[in-house]
Each structure stands twice: as C-alpha cells, then as structure tokens.
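Okay, structure first, notes after.
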Amino acid sequence: MITKFIKYQYRSGILFYILFTFSATLIGVWAYYSENVKVQPEEMPKIAVLWLLWIISLMSAIVYHLVRWNKIFRSSERFLLLSSWKFKPEVLLFGEILHLILDLFLFSIWFNLLGAIVMTPKRYISLLTLVIKKVDVVDFYLIVISIVFFSAVYFWYLTGIVYWNTLKNFSQWGSYMSLVFILLAYFHINLSEFIARTNLSDSIKLTCMLLTNFLIFAALIIFNLKMLKKGLDT
C-alpha cells in the first residue's frame, strides 16, 4: 500500500516535478556558463551555483510536501485515498515520509549528475573529493545540526497539520492546544541549540542530540498515528 500511495503522489504531482526540475536545470546551466554570474569568493568554482540550486530544491521539496500533506486532508483526495479499508494510518504517515526522503534522494542525484555533465565526470569527481577532504569535524558537526534542525521543523509541521485536521475538531481546547504545539516545537529546537552550546566533546554532543531528537520524533510519530486513526475513523 505504501508503494501505491507514493505512486499516486508522483502521478498527481508530475506537473510540479517536470516544471520545477526543468526550470532549475535551465537556470543552473545558464548560470554556470554565463559570464555575468559572479561567485564570491573568487576562488570558489561556478559549480557552487548548481549546489545552491540543489539546496534550494531540497527546501522546495520539503515545502511542497507540507502543502500536499495539508491538501490531502482538505480536498476530495482524502475520501479517495482513505475509502479503502486496507489504507491504514501508518501507510499514510510513513508513505508521506518515505515520499519526501525519495524526493530528496532524487533531487540530490540529479543536481550532482548535472554537475558532472557540465564539468565532465572526471573534473566533477575530483572537485567533490577535494570538498569532502576539506570537511573537518566542525563542518561535519554543522551539517548534522542542519539536518536535525530541518527534520525537527518538518516533523512538527507534519504533526501540526495532522492535529489541526483531526484532534482540533474534537476538542474545545483546540486554540490553546495550537499554542502548546508552537511552544513545544520552540522548546525542541532550543533544546538542540542548548546541547550544541555545551562544553561537552563533539562526539558526546552529537550522541545526546541524536538520541534526544530520536525520542522526540518517535513520540511525534506515535501521536500522528493515534490522531490519524481517530480522524480517519470518523
């Protein structure tokens, strides 16, 4: 069922993927070959333009998924998707998460492949190897923090949309609960920042951060599944 759900999502969003990928590709190729595009600092190769588009595409994919996720609960798609008794909350939730992960993977493959095409594979691989070698412990730590941060934002928005379209309809305390959600999300992000500012070693900080976020994400997933079941049963 998860495979069918993901196929349905890709079929329904095919126009977005075609237009977005085609437009981003044209912009990237033009920027790479254009003499009018200046990259700072000067020693940074123009391939950075493609990497910037790659990052923008990953952010766009997250936003697109959150919009689609909200749309499922507010349009006729909800009834079409959930009319089958085989369609369970875990299929809906994990199907959406896997769909996002697959999107991030596909965008990553495409923009790195585009870099290899415009630079030739040999030059691109040598540049990529050089960048990887320059990534030290601090840079790696910042990369992990960024991934954790965006994962936290994604999971809280995902949960907020589920809450807004299920539990809120059954509780007179809906408005107050919305404020609680915002405060909890703020606390979650600040907790990660607090761990990052401690004087512990980088390995211990990473372990604490990953463990803390794993427990919070697990709690959010359990909450989502329970609320989806409650909402979809009605």
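Structure notes:
- Computed extension length for TYR64-PHE214: 51.6 nm, one decimal, from 0.36 nm per residue of separation with the Cα-Cα distance subtracted.
- Within straight-line reach of LYS88, meaning a Cα separation under 23 Å, sit the following lysines at least 8 residues removed in sequence or on another chain: LYS4, LYS7, LYS71, LYS168, LYS226, LYS229, LYS230.
- Taken over the stretch 136-233, the convex hull of the Cα atoms encloses 79 Å³ per residue.
- Over the stretch 136-233, relative contact order from alpha-carbon pairs under 8 Å, at least 6 apart, %: 46
- When only the Cβ of Lys, Arg, Asp and Glu is charged (+1, +1, -1, -1), the dipole of the chain relative to its Cα centre reaches about 740 debye.
- Helix-only mean residue ellipticity at 222 nm for the chain, each DSSP H run of n ≥ 4 adding -39500 (n - 2.57), per residue, nearest 500: -29000 deg cm²/dmol
- Two-site label geometry, SER75 and TYR17: point separation in nm, points 7 Å out along Cα→Cβ: 1.6
- For the stretch 106-147, alpha-carbon Rg and Dmax in angstrom: 12.3, 32
- Estimated distance in nm for a label pair at LYS134 and MET177, the labels positioned 7 Å out from Cα along Cα-to-Cβ: 5.0
- Counting 0.36 nm for each residue step from ILE27 to ILE109 and taking away their Cα separation leaves a gain of 27.8 nm.
- Hits among lysines - C-alpha to C-alpha of LYS38 under 29 Å, sequence gap 8 or more where chains match: LYS46, LYS122, LYS133, LYS134
- Relative to the current alpha-carbon distance between LEU200 and LYS4, full extension at 0.36 nm per residue lengthens the span by 66.0 nm.
- Note on the chain: the alpha carbon radius of gyration divided by the globular reference 2.2 N^0.38 Å gives 1.19.
- Accessible area (Å², per residue) of the chain, counting only protein heavy atoms and a probe of 1.4 Å: 61
- Of the solvent-accessible surface of the chain, computed with a 1.4 Å probe over protein heavy atoms with every protein chain present, carbon and sulfur atoms account for 73 percent.
The values are calculated or read from the model by the stated rules, or taken from the named source; none is laboratory data. Being a predicted model, the structure only gives us computed values, none of them experimental. Neighbour counts are summed over all protein chains in view; Cβ atoms, including those assigned to glycine, are modelled from backbone coordinates with ideal geometry. Protein only, heavy atoms only, side chains kept; ligands, DNA and RNA dropped before computing areas. Shrake-Rupley method; radii C 1.70, N 1.55, O 1.52, S 1.80 Å.
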